[in-house]
Amino acid sequence: MREFQICGLGNAIVDIFIEVSDAEFAELGFERGTMRLVELTEQKALLAQFKKYDPKLVSGGSVANSIIAFSQLGGQAAFIGCVGDDRYGLFYTTEFEELNIGIGNPVIVGAHTGTCLALITPDAERTMRTCLAVSSHLSERHVDEERIKNSDWLFIEGYLFANPESGQSAIRKAIAFAKKHGTKVAITCSEAFIINIFGGAFHEALKQADLIFCNETEAAALAKGTTAEDSFRRLQGMVPSSVVTAGAQGAYVRHGGIEAHVPAFPCQPKDLTGAGDMLAGAFLYGITHSTTPDKACQAACFLAMKVITQVGARLHHGTRQFWDEIE
């Protein structure tokens, strides 16, 4: 029996949510629904523009959100990432400690914590400006063998592939430790551009993975399919297990000898942030806690629906209750 069921490897980012009107958004001149990486100076200037607002701070990062969901459901989780010794870093580490997630010592002195400013418009779309700051310094020297050795699964964030120097070396080191200790490997694609631009490194990691999570666009980039179902079928020869989400069309799952299509739960979305993160975390919780893959995917879809009917990338209460309701 290992100490953790899952250990996440990803960017440690503090999400800063601000709801804006269409008029306020238009003034910024941003393309709606985009995610763009910005430098620290630009992010500071942008945050200064929204000083009068009441921002909502949430510890995040794609895989971190999944790890938090896993923990909220009652699983034992660990996480590997980097934060600075500023107020955002303090906020991050405190929240993870409160959630009882094994985060080790992620603080890098004198560094700035990564932030993601998410502007939510009335159409439920979110436009993000992300400053990775010290989170992008995550490299092989930060990869803790003990936490991976003591975990049933290693869960890797696709965004890390976007940093060929440090991120990709961290992934290779983490996978090597996972293979050495019989820890299973799951990867989330994060975004299609990761596969399109960093495909070589991604495919190299995928060959050693046990499970992949991707949405319809990412699955098409990965498997060259024309629909979510087509891509899902093609993935069979590339990785033993896969979960492909298709928005309102639900999700396709293949794991442990079970293959199924799980319908989505209809809803009025308020903010699409974090649906995939929740789905991955909840699915991983299910398969590590004796739930069949189709049932785990159904419960994960239900929780993802709960996430998008509120503002923010994760649920702050009721996670376990929602799981029990549907399982």
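Checking residue 263 against (1) within 21 Å of residue 155 (Cβ to Cβ); (2) touching a residue at least 12 places away in the same chain (Cβ under 8 Å); (3) over 19 Å from the mean Cα position of the chain (by Cα), which single condition isn't satisfied?
Result: residue 263 passes all but (1).
Select, from 118, 170, 174, the only residue that is crowded, with 18+ Cβ neighbours inside 10 Å, part of a helix (DSSP H, G or I) and touching a strand residue (DSSP E or B) at 6+ places or on another chain (Cβ under 6 Å).
After applying the criteria, what remains is 174.
Going through segment 148-171 one residue at a time, which ones are among the charged types (D, E, K, R) and over 19 Å from the mean Cα position of the chain (by Cα)?
149, 165
With of a type in the set (Gly, Ala, Ser), out of contact with any Lys or Arg (no Cβ under 9 Å at 6 or more places or on another chain), in a strand (DSSP E or B) and within 19 Å of residue 138 (Cβ to Cβ) as the only criterion, which of 8, 89 stands out?
8
Kindly provide the set of residues from segment 29-72 that are of a type in the set (A, V, I, L, M, F, W, C), surrounded by 13 or more Cβ atoms within 10 Å (Cβ to Cβ) and more than 30 Å from residue 7 (Cβ to Cβ), ordered by number.
Answer for segment 29-72, where residues must be of a type in the set (A, V, I, L, M, F, W, C), surrounded by 13 or more Cβ atoms within 10 Å (Cβ to Cβ) and more than 30 Å from residue 7 (Cβ to Cβ): 30, 46, 47, 50.
Looking only at residues that are modelled with pLDDT under 95 and crowded, with 19+ Cβ neighbours inside 10 Å in segment 145-166, which one is farthest from residue 241 (Cα to Cα)?
163
Return a yes/no flag: does segment 167-183 have any residue that is at pLDDT 95 or above, among the aliphatic types (A, V, I, L, M), over 21 Å from residue 237 (Cβ atoms) and touching an Asp or Glu at 6+ places or on another chain (Cβ under 7 Å).
Checked segment 167-183: at least one residue is at pLDDT 95 or above, among the aliphatic types (A, V, I, L, M), over 21 Å from residue 237 (Cβ atoms) and touching an Asp or Glu at 6+ places or on another chain (Cβ under 7 Å).
Taking segment 239-267 only, how many residues are among the hydrophobic types (A, V, I, L, M, F, W, C) and crowded, with 19+ Cβ neighbours inside 10 Å?
Selection size over segment 239-267: 7.
Scan segment 203-215 residue by residue and report those that are crowded, with 20+ Cβ neighbours inside 10 Å and out of contact with any Cys (no Cβ under 8 Å at 6 or more places or on another chain).
205, 209, 211
If we only count strands (runs of 3 or more DSSP E) wholly inside segment 14-86, which ones have 2 or more residues that are modelled with pLDDT of 95 or more and either small (Gly, Ala, Ser) or within 30 Å of residue 300 (Cβ to Cβ) (or both)?
77-80
The rows are residues; the columns are (1) more than 14 Å from residue 304 (Cβ to Cβ); (2) part of a strand (DSSP E or B).
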{"residue": "230", "(1), (2)": "yes, no"}
{"residue": "234", "(1), (2)": "yes, no"}
{"residue": "239", "(1), (2)": "yes, no"}
{"residue": "243", "(1), (2)": "no, yes"}
{"residue": "259", "(1), (2)": "yes, yes"}
{"residue": "266", "(1), (2)": "no, no"}
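Please name all residue pairs, on different chains or six or more residues apart, with Cβ atoms under 7 Å, provided the first residue is in segment 19-32 and is under 14 Å from residue 123 (Cβ atoms) and of a type in the set (Val, Ile, Thr) and the second residue is modelled with pLDDT under 95 and assigned to a loop (DSSP other than H, G, I, E, B).
Pairs that qualify, where the first residue is under 14 Å from residue 123 (Cβ atoms) and of a type in the set (Val, Ile, Thr) and the partner is modelled with pLDDT under 95 and assigned to a loop (DSSP other than H, G, I, E, B), are 20/121.
Could you please give the count of residues in segment 186-201 that are part of a helix (DSSP H, G or I) and crowded, with 22+ Cβ neighbours inside 10 Å?
2
How many residues are in a strand (DSSP E or B) and either of a type in the set (S, T, N, Q) or out of contact with any Leu (no Cβ under 6 Å at 6 or more places or on another chain) (or both) if we restrict to segment 99-115?
So the count comes out to 4.
State yes or no: is residue 290 surrounded by fewer than 22 Cβ atoms within 10 Å (Cβ to Cβ), over 19 Å from the mean Cα position of the chain (by Cα), modelled with pLDDT of 95 or more and not in a strand (DSSP E or B)?
Answer is yes for this residue.
Looking for something at pLDDT 95 or above and part of a helix (DSSP H, G or I) - is there at least one such residue anywhere in segment 245-256?
Checked against the condition, which is being at pLDDT 95 or above and part of a helix (DSSP H, G or I), segment 245-256 yields no hits at all.
Output the number of the condition that residue 320 fails; it satisfies all remaining conditions of (1) charged (D, E, K, R); (2) crowded, with 19+ Cβ neighbours inside 10 Å; (3) assigned to a helix (DSSP H, G or I).
The one condition residue 320 does not meet is (2).
Checking the condition buried (at least 24 other Cβ atoms within 10 Å of the Cβ) and free of Cβ contacts under 8 Å to residues at least 60 places away in the same chain, which residue from 279, 284, 222, 235 passes?
Testing whether each residue is buried (at least 24 other Cβ atoms within 10 Å of the Cβ) and free of Cβ contacts under 8 Å to residues at least 60 places away in the same chain leaves just 222.
Against the conditions (1) at pLDDT below 90; (2) farther than 30 Å from residue 18 by Cα, where does residue 261 fall short? Just the number, please.
It is condition (1) that residue 261 fails.
The values are calculated or read from the model by the stated rules, or taken from the named source; none is laboratory data. Just so it is clear, the structure is predicted and the values come from calculations on it, not from any experiment. With ideal geometry, Cβ positions are generated from the backbone for all residues, glycine too; neighbour counts draw on all protein chains shown.
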